[in-house]
1. Using alpha carbons only, how many angstrom separate the centre of the range 6-27 from the centre of the range 140-181?
2. By average Cβ neighbour count within 10 Å, what is the ranking of 164-176, 103-115 from highest down?
3. What is the helix-to-structure angle for 29-40, meaning the angle in degrees between its Cα long axis and the longest Cα principal axis of the chain, kept from 0 to 90 and rounded to the nearest 10?
4. Once you list every other residue whose beta carbon is under 13 Å from the beta carbon of Ser168, what net charge do they have if Lys and Arg are +1 and Asp and Glu are -1?
5. Please list log₁₀ I(q)/I(0) at q = 0.13, 0.14, 0.18 Å⁻¹ for the chain, using the Debye equation with identical point scatterers on the alpha-carbon positions.
6. How long are the semi-axes of the ellipsoid equivalent to the range 30-126, from square roots of 5 times the Cα gyration tensor eigenvalues, in whole Å, largest first?
7. Mean-square fluctuation check for the chain, GNM, Cα pairs under 10 Å: which of Val137, Val15, Val128 is largest?
8. Over the range 99-185, what is the relative contact order in whole percent, taking alpha-carbon pairs under 8 Å and six or more residues apart?
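Nothing in this text is a laboratory measurement; each read-out follows from the coordinates by a stated rule. This one's a predicted model, so the numbers in the text were calculated from it and none came from an experiment. When we count neighbours, we look across all protein chains shown, and the Cβ atoms used for this are built from the backbone with ideal geometry, even at glycine.
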Amino acid sequence: MNKERVQQLIEELLVELGEDPKREGLLKTPERVAKSWEYLTRGYHQNLENVINGAIFESESNNMVIVKDIEVYSLCEHHMLPFYGKCHIGYISRGKVLGVSKLARIADMFSRRLQIQERLNDQIARAVMDTLAPEGVGVVMECKHMCMMMRGVGKQNSLMTTSSVLGSFHDDEATRTEFLRLVGM
C-alpha cells in the first residue's frame, strides 16, 4: 500500500466532506487513517503457508476439534464499513492437527480484507480443509454489520449467521448436528 497516496486521498476526502484538513484536530488524520487501513487490510499481504508456519502435528486422535468464539473484524466490501462477531471452527482429524492458535490466525487473515461474510466463512473452511485434509470441517460465523446498523435499514440488533460445512460435516447429519450443538447453534 502506498501510504503517501492514501494520505493524499484522505485529505481530499476531508475537503469533499466540507472539512478543513489543516485544522488542529485533523492535521494528522490522513496519516492515522492510512496507518489504520494498512492494518485493517493486512490480510491481503498474508498467505496461508506463512500463517500456519509449519504448525501441523501428527495425531492419533480422530475426534472433533473445535475452537469457539474467535473474534473476527472485517470490512464490508460494499460500503467499507466494519462487520464483526464470532467465528466457530471445527474439524475431525485424519492423523493431523493444527496448532490451536492457527485457526484464529486463519480467520484473521481472511477477515482482514474487504469481504462479505458468506465468502469469509467459506474461505476459512476451505483453508482448514486444504491444509489438513481432515474428515470434515465446519465453520459458523455470527456477525453484526455496521452497514446495516448505522445506515440503510438501521437495525442495531440484527445478527447474520452463516455456515460452511465440508466433508463429513456436510455428508453426515449426525456429525453436523454434533458440531452445531457444541458451538451453541
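1. 38 Å
2. Ranking the peptides 164-176, 103-115 by packing returns 103-115, 164-176.
3. 10 degrees
4. Summing Lys and Arg as +1 and Asp and Glu as -1 gives -3.
5. -0.73, -0.82, -1.14
6. On the way: eigenvalues 160, 42, 19 Å².
Working through the eigenvalues yields semi-axes of 28, 15, 10 Å.
7. Val15
8. Relative contact order of the range 99-185: 26 percent.
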